[in-house]
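Visitor: Here's a structure for you.
The values are calculated or read from the model by the stated rules, or taken from the named source; none is laboratory data. If you're wondering where the values come from, they're calculated on a predicted model, not measured in any experiment. Please note: Cβ atoms are built from the backbone with ideal geometry, for glycine as well, and neighbour counts cover all protein chains shown.
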Amino acid sequence: MTHIYDSAAYLVITEESKYLLIDSGSGYGFINMVNNILEISVKPNKITYVILTHCHISNSGGSKLLRDYFRIPVAAHEEDAMRLMKADKACIDIEGVREFTAIPVTLVIRDVEYVFNEVSPKVKVIHTPGHTPGSLSVIIELKGLKAGFVGD
């Protein structure tokens, strides 16, 4: 458990012991999330990317802290990356939260599909606008099986 404001965050462990974090929670449960990661013997600075499924703060708010404390690069689709980097109030989806800090996006995904070649198994993101203009679905494929992560 992290914080009531956090949406799901998934740590993906790849075959070569690299890590991807899909979404980062709101940031309100940052210490709990880091402790959860440490509890399974993963050092947060070994996470290759935080991949954001969309810009809502419940999914993206912890990204700035992860980048600031552990230098983890953040990936998002360009439609949402611009909102995150400008701290656009359209990203606020938590009642009572009035503002948030801009989130630097390291990898701005401009294509309909993008493959993270740095890791195995194959991790692909697909632009699936709807929930937000820059929503991404993350597809992981291993031994003929596929798992999808779609945010909210």
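Visitor: Out of the stretch 55-82, which residues are within 9 Å of the chain's Cα centre (by Cα) and either surrounded by fewer than 23 Cβ atoms within 10 Å (Cβ to Cβ) or closer than 17 Å to VAL123 by Cβ (or both)?
Guide: Passing the criteria: VAL74, ALA75, ALA76.
Visitor: Does the stretch 102-110 contain any residue that is in contact (Cβ under 8 Å) with a residue 40 or more places away in the chain, over 16 Å from the mean Cα position of the chain (by Cα) and either surrounded by 14 or more Cβ atoms within 10 Å (Cβ to Cβ) or assigned to a loop (DSSP other than H, G, I, E, B) (or both)?
Guide: No; the residues of the stretch 102-110 include none that is in contact (Cβ under 8 Å) with a residue 40 or more places away in the chain, over 16 Å from the mean Cα position of the chain (by Cα) and either surrounded by 14 or more Cβ atoms within 10 Å (Cβ to Cβ) or assigned to a loop (DSSP other than H, G, I, E, B) (or both).
Visitor: Continuing with this model, one more query. Among VAL115, VAL97, VAL123, which is the only one that is in contact (Cβ under 8 Å) with a residue 12 or more places away in the chain and out of contact with any Phe, Trp or Tyr (no Cβ under 6 Å at 6 or more places or on another chain)?
Guide: On the way: VAL115 fails: in contact (Cβ under 8 Å) with a residue 12 or more places away in the chain; VAL123 fails: out of contact with any Phe, Trp or Tyr (no Cβ under 6 Å at 6 or more places or on another chain).
Only one candidate qualifies: VAL97.
Visitor: I would also like to ask the following. Do you know which of the residues in the stretch 125-147 that are at pLDDT below 95 and part of a strand (DSSP E or B) is nearest to LYS86 (Cα to Cα)?
Guide: Looking at the filtered set, the residue picked out is ILE140.
Visitor: Return the only residue of GLY29, GLY25, GLY96 being closer than 23 Å to PRO129 by Cα and not β-branched (Val, Ile, Thr).
Guide: The conditions single out GLY25.
Visitor: So how many residues does the stretch 83-93 have that are under 17 Å from the mean Cα position of the chain (by Cα) and outside any helix (DSSP H, G or I)?
Guide: 3
Visitor: While we're here: Scan the stretch 1-36 for residues that are crowded, with 18+ Cβ neighbours inside 10 Å and assigned to a strand (DSSP E or B) and report the count.
Guide: Here the count works out to 5.
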